[in-house]
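The values are calculated or read from the model by the stated rules, or taken from the named source; none is laboratory data. Bear in mind that the values here come from a model prediction, so they are computed numbers and not experimental data. Using ideal geometry, Cβ is built from the backbone for each residue, glycine included, and neighbour counts are taken over all protein chains shown. Surface accessibility is based on the protein's heavy atoms, side chains included, excluding ligands, DNA and RNA. Shrake-Rupley method; radii C 1.70, N 1.55, O 1.52, S 1.80 Å.
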Amino acid sequence: MKKKLIGFSVAGALLLGSAGVYASTNSKTLEVFYNIKNIKIDQVSKMPEEKPFTYNGTTYVPLRFISEQLGSPVEWDSANQTINIGKTSEKSAFYPGRDLEYMNFQKSTSSNSHKYSSNKDTISDNIGNKYSNYITISNIWGEEWSLLEFPLNGQYSTFKSVLGLTEDGKNLLKPLTLEVFLDEKLIETYTVSAGDMPQEIEFKLKNANKVGFKLSSSSSAGYPEVGLFDARFYK
């Protein structure tokens with residue numbers, strides 16, 4: 001067993017990998033043990049160039065090495081001090097909750113609601129996929145409708161998303177209808193039923209000033225809630 005003293009900032013570099021970024025700007029001397037002789041991934045021996053070590057009973061392995069060996073890219077977001085593993089937000093996309101805020105929400109009853117988020121929390125669709133970027137619209141009672149609008153100001157050309165029921169709304173009793181309006185003109189209509197797989201949708205925004213999503217449900221529909229998962233706009 002080989003014992004060595006290292007600086008904490010160096011340990012931060014080892015944890016992320018050899019990308020020249022650090023997990024901490026503070027320095028602290030730690031006593032670590034280089035006692036890891038082998039790493040096996042799917043029964044194949046693979047050791048990183050930066051040696052794994054043990055500190056206080058915990059084994060530390062370069063994060064970049066493990067992530068990439070398992071097929072998930074990793075990157076350091078210095079602006080937000082965040083390590084991203086796997087899928088990340090598209091840099092050319094604009095997200096509700098981060099780049100756009102809603103301008104209007106109308107509903108047939110006070111119980112209806114909406115929510116949207118960009119990397120603040122997660123939500124699941126009806127088959128268990130989790131998303132950190134999303135829009136949800138829900139109608140609570142009977143034959144209802146809700147309309148959620150976002151301002152575009154003629155700046156956007158395309159909208160992309162995955163449309164489906166949320167985890168909470170998957171036991172839907174009757175189909176829902178989601179209509180899309182550009183400057184109050186209907187351009188798309190989608191029907192969502194219980195058991196439907198989430199579907200990718202895309203439509204042109206035609207430099208409109210605003211886009212509206214109207215959810216309509218019939219009486220005794222259960223809990224009507226749809227998600228526009230990974231919802232994003234492009235210029």
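Under 12 Å from the Cβ of residue 65, count the other residues' Cβ atoms, weight Lys and Arg +1, Asp and Glu -1, and hand me the total.
Values: positive: 46, 51, 64; negative: 49, 50, 68.
Here the charged neighbours net out to 0.
What are the principal axis extents of the Cα atoms in the range 24-73, in Å, biggest first?
The Cα atoms of the range 24-73 stretch 34, 24, 18 Å along their principal axes.
If you take every residue apart from residue 121 with its C-beta less than 12 Å away from the C-beta of residue 121, what net charge results, scoring Lys and Arg +1 and Asp and Glu -1? Walk me through the intermediate numbers first.
Working: positive: 115, 120, 130; negative: none.
Residues close to residue 121 contribute a combined charge of +3.
Order the following by accessible area, largest value first: 177, 122. Probe radius 1.4 Å; ligands, DNA and RNA are ignored. Could the numbers behind the result be given before it?
Details: 177 45, 122 95 Å².
Order by accessible area, largest first: 122, 177.
Just to verify a number: what accessible area does residue 217 come out at with the full protein assembly present, 1.4 Å probe, Å² rounded to tens?
10
When the scattering of the range 114-235 is computed by the Debye formula from its Cα atoms alone, each counted once and equally, what is log10 I(q)/I(0) at q = 0.14, 0.22 Å⁻¹?
-0.55, -1.29
Among all the aspartates and glutamates, which ones have a C-alpha under 17 Å from residue 51's C-alpha, if same-chain residues fewer than 8 places away are not counted?
31, 68
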